[in-house]
1. Select from segment 99-128 the residues that are charged (D, E, K, R) and over 21 Å from ILE167 (Cα atoms) and list them in ascending order.
2. Which of the strands (runs of 3 or more DSSP E) contained wholly in segment 134-195 include at least 3 residues that are within 16 Å of the ligand (Cβ to nearest atom) and either farther than 20 Å from PHE217 by Cα or aromatic (Phe, Trp, Tyr) (or both)?
3. Please state which one of PRO33, PRO58, PRO105 is in contact with a strand residue (DSSP E or B) (Cβ under 8 Å, 6 or more places away or on another chain) and either under 19 Å from VAL134 (Cα atoms) or of a type in the set (Ser, Thr, Tyr) (or both).
4. Output the number of residues of segment 169-221 satisfying the condition of being at pLDDT below 95, touching a helix residue (DSSP H, G or I) at 6+ places or on another chain (Cβ under 6 Å) and either surrounded by fewer than 24 Cβ atoms within 10 Å (Cβ to Cβ) or under 18 Å from GLY130 (Cα atoms) (or both).
5. Please pick out the residue among GLY102, GLY55 that is over 16 Å from VAL44 (Cβ atoms) and surrounded by fewer than 16 Cβ atoms within 10 Å (Cβ to Cβ).
6. Of the residues ARG89, ARG53, which single one is in contact (Cβ under 8 Å) with a residue 12 or more places away in the chain and among the basic types (Lys, Arg)?
7. Out of segment 105-132, which residues are surrounded by fewer than 21 Cβ atoms within 10 Å (Cβ to Cβ) and touching a residue at least 60 places away in the same chain (Cβ under 8 Å)?
8. Against the definition (β-branched (Val, Ile, Thr) and at pLDDT below 95), how does VAL59 come out, yes or no?
Amino acid sequence: MTPAPVRWSGRDWVPGERLSGRTTAPEFPADAPVVGVLALQGDVLEHLRALARCGARPVRVRRVADLEHVDGLIVPGGESTTIGKLLVRAELLEPLRERITGGLPTFGTCAGMILLSRELDQEAPQPLLGVLGVRTRRNAFGRQVDSFDTSLAIAGVAGEPMDVSFIRAPWVEEVLDGDVEVLASVDGKPVVVRQGHVLATAFHPEVTGDDRLHQRFVDDLR
Ligand code: GLN
């Protein structure tokens with residue numbers, strides 16, 4: 001009789017990692033900050049892996065209860081219209097907005113930056129968290145074929161410029177609040193901004209293996 005296949009799932013399960021011989025750190029130190037990754041759509045796995053490499057305990061956030069124990073939150077890249085709709089459907093938009101406004105350190109990448117923005121440079125409305133005082137332009141660098149990798153000097157990131165990937169990326173069209181810091185720009189357009197505990201990048205730092213922004217985010221949570 002063939003034995004029943006072992007089923008793997010649960011909180012720290014990362015699909016495929018065990019089968020491919022790669023594992024995320026299975027043991028996290030007791031004092032590892034717990035970082036939620038909004039896991040409705042987009043490049044969730046890449047962020048989970050980057051966080052684990054940086055010594056955080058990553059957890060997926062799919063419903064309000066998942067927010068309870070997180071020390072920080074990542075809003076990943078993907079498709080902001082889809083993530084927005086799913087946030088509404090999961091009844092997460094309001095609770096998330098409240099937690100972030102209440103001080104939850106949050107890091108958004110690409111579609112994450114779009115979702116965090118207060119305004120978009122477009123007519124069509126879409127659900128937004130609206131916690132970052134900027135007006136953002138979606139797909140600002142062009143279409144999918146105009147996506148590019150580059151290295152970019154970012155204020156506060158020591159050493160060589162960072163390796164980053166712009167994939168149908170936005171930029172900040174206008175900074176709306178006086179306390180928004182611009183940490184990097186491309187062609188004069190802000191692509192890394194921070195307002196207090198909310199950090200956003202127009203690019204994907206989670207796909208290049210250059211973890212310095214994730215590391216700083218995690219270190220600041222300690
Ligand atoms: N263009 C996408 C959007 O508008 C964002 C792309 C990305 O996250 N890589 O939501």
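The values are calculated or read from the model by the stated rules, or taken from the named source; none is laboratory data. All values reported here derive from a predicted model rather than from experimental measurement. Note: ideal-geometry Cβ built from the backbone for every residue, glycine included; neighbour counts use all protein chains shown.
1. Let us first name the residues in segment 99-128 that are charged (D, E, K, R), namely 99, 118-119, 121, 123.
Passing the criteria: ARG99, ARG118, GLU123.
2. Details: elements: 148-152, 162-166, 171-175, 181-186, 189-195.
Correct list: 148-152, 171-175.
3. Details: PRO33 fails: either under 19 Å from VAL134 (Cα atoms) or of a type in the set (Ser, Thr, Tyr) (or both); PRO58 fails: either under 19 Å from VAL134 (Cα atoms) or of a type in the set (Ser, Thr, Tyr) (or both).
The match here is PRO105.
4. Total meeting the criteria: 1.
5. On the way: GLY55 fails: surrounded by fewer than 16 Cβ atoms within 10 Å (Cβ to Cβ).
Of GLY102, GLY55, the one residue that is over 16 Å from VAL44 (Cβ atoms) and surrounded by fewer than 16 Cβ atoms within 10 Å (Cβ to Cβ) is GLY102.
6. Values: ARG89 fails: in contact (Cβ under 8 Å) with a residue 12 or more places away in the chain.
Testing whether each residue is in contact (Cβ under 8 Å) with a residue 12 or more places away in the chain and among the basic types (Lys, Arg) leaves just ARG53.
7. Selection gives PRO105 alone.
8. Numbers: β-branched (Val, Ile, Thr): yes; at pLDDT below 95: yes.
Yes.
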